[in-house]
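Okay, structure first, notes after.
FYI, it's all coordinate maths here, none of it is from the lab. Here the structure is a predicted model, which means the values were calculated and not measured. Because the Cβ atoms are built from the backbone with ideal geometry, glycine has one as well, and the counts that use them run over all protein chains shown.
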Amino acid sequence: MTATLIDGKQISAECRKETAASAEQFVNETGVRPHLAAVLVGDDPASQVYVRNKELACERAGLQSTLHRLPAETTQQELLALVQTLNEDVSVHGILVQLPLPSHLNSTQILDAITPLKDVDAFHPENVGRLLQGRPRFLPCTPAGVMKMLEVSGTETAGRRVTIVGRSDIVGKPMAALLLQKGADATVTICHSRTAEIAEECRRAEILIAAVGIPEFVRGDWVRPGAVIIDVGINRVGDRLAGDVEFAAAAERAAAITPVPGGVGPMTIAMLLQNTLHAARLQHGFVS
Ligand code: NDP
């Protein structure tokens, strides 16, 4: 392997340390501990692990977290009522509804019901709109984690060609929005399932970001020599986790690459903690 590894575990540990120090300062100044309320509906095993990891990360950074577990047969009205209670609870600063929700529930309506000031995932239309206008309230966690990895690894984005594979509301689209911001100034191409000649689009990329959800979708020979590769994918293949990039072959051509696991995943949680602290500051009038 010739590429440098961009170590998400290490970078996220630094971020979490900074958040913990700032959270302690906030507690000293206000007597209030930043508080994340997580909602988990049903018993999807992957979601249980994600929520548990978020809880543990909160604990370690000195943030309060409360998990609301609801049965799989919870109705839309019951879930909306819980969100409303959390919206009105002044001791709760951030609200996270773990996705995916069981299929009988309307996720869009639930996410829209979270008050924008507590929307630490940055999914609410008001927060998405603000991001697109270049005045974000919360940074979307996974894309913000990717930006942090680019920054810490010394990867310049200004004027560079970035290709994002995937156009989801959670990763691809907000990733493009962040890279387009003034200050980031990248030239962005977004690919999806109807993109023609996707290999060629990838080969043009100086920075290639994969968020497809298909193991090793991006082949090693799609990587431009010297490119920086960010692999957002987390896919279970038998008893191991695989990214969306053919890692070994890509690492032979790339200048730098993120591993899976230990890449973008830990960064997403670190950014969630930052957003929870930011939410507490917002609600206590420290920032507007
Ligand atoms: P989605 O399924 O919501 O989106 C996948 C995207 O990939 C879609 O835009 C889809 O295109 C595109 N796509 C699918 N098949 C192809 C294809 N054959 N050619 C080109 N494009 C294709 O996934 P997410 O964005 O939510 O997640 C992507 C991956 O990232 C998953 O592995 C997920 O587990 C992981 N993930 C990791 C996170 C982390 O913290 N590291 C956080 C969130 C996600 P179209 O729109 O046309 O259907």
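Sites listed here are trypsin sites (Lys or Arg not before Pro) in region 149-182 whose DSSP assignment is loop and whose Cβ has at most 14 other Cβ atoms within 10 Å: Lys182. Under 13 Å from the Cβ of Gly94, count the other residues' Cβ atoms, weight Lys and Arg +1, Asp and Glu -1, and hand me the total. Result for the local shell: +1. Going by neighbour counts of Cβ atoms within 10 Å, the residues Thr2, Thr19 line up, fewest first, as Thr2, Thr19.
Residue separation of Gln133 and Leu5 scaled by 0.36 nm, minus their Cα-Cα distance, works out to 42.8 nm of gained length.
Spatial offset of region 42-88 relative to region 222-267 amounts to 29 Å, using the alpha carbon center of each. When each of the peptides 9-15, 189-195 is scored by the mean number of other C-beta atoms lying within 10 Å of its residues, the order from highest to lowest reads 9-15, 189-195. Just add up the charged neighbours of Asp43: K/R +1, D/E -1, any other residue whose Cβ is under 13 Å from the Cβ of Asp43. Spelling it out: positives minus negatives among the neighbours equals 0. Only DSSP H runs of four or more residues enter the estimate; each adds -39500 (n - 2.57), and after division by the residues of the chain the mean residue ellipticity at 222 nm equals -13000 deg cm²/dmol. Each peptide in 134-140, 64-70 receives the mean, over its residues, of other Cβ atoms within 10 Å, and ordering these scores from highest gives 134-140, 64-70. Annotation: the residues Ile230, Ile6, sorted from fewest to most other C-beta atoms within 10 Å of their own C-beta, follow the order Ile6, Ile230. For the chain, a Gaussian network of Cα nodes joined below 10 Å ranks His124, His93, His104 by mean-square fluctuation, and the top entry is His104.
Please arrange Met271, Met149, Met1 by how many other C-beta atoms lie within 10 Å of their C-beta, fewest to most.
Met1, Met149, Met271
Note on Ser103 and Glu252: the model spin-label points, each 7 Å out from Cα along the C-beta direction, lie 4.1 nm apart. Springs join every pair of Cα atoms under 10 Å in this Gaussian network model of the chain, and among Ala184, Ala254, Ala211 the largest mean-square fluctuation is at Ala184.
How big is the antiparallel share of DSSP beta bridges in the chain, given as a percent to the nearest 5? Don't jump to the answer; show the numbers that get you there.
On the way: 3 of 32 bridges.
The antiparallel fraction comes to roughly 10 percent.
Rounded to the nearest 10 degrees, the inclination of helix 45-60 to the longest alpha-carbon principal axis of the chain is 70 degrees. Within region 31-116, all pairs of alpha-carbon atoms sorted by distance into 10 Å bins from zero give the percentages 17, 51, 29, 3, 0.
For region 1-136, the relative contact order works out to 23 percent when only alpha carbon pairs closer than 8 Å and six or more residues apart are counted.
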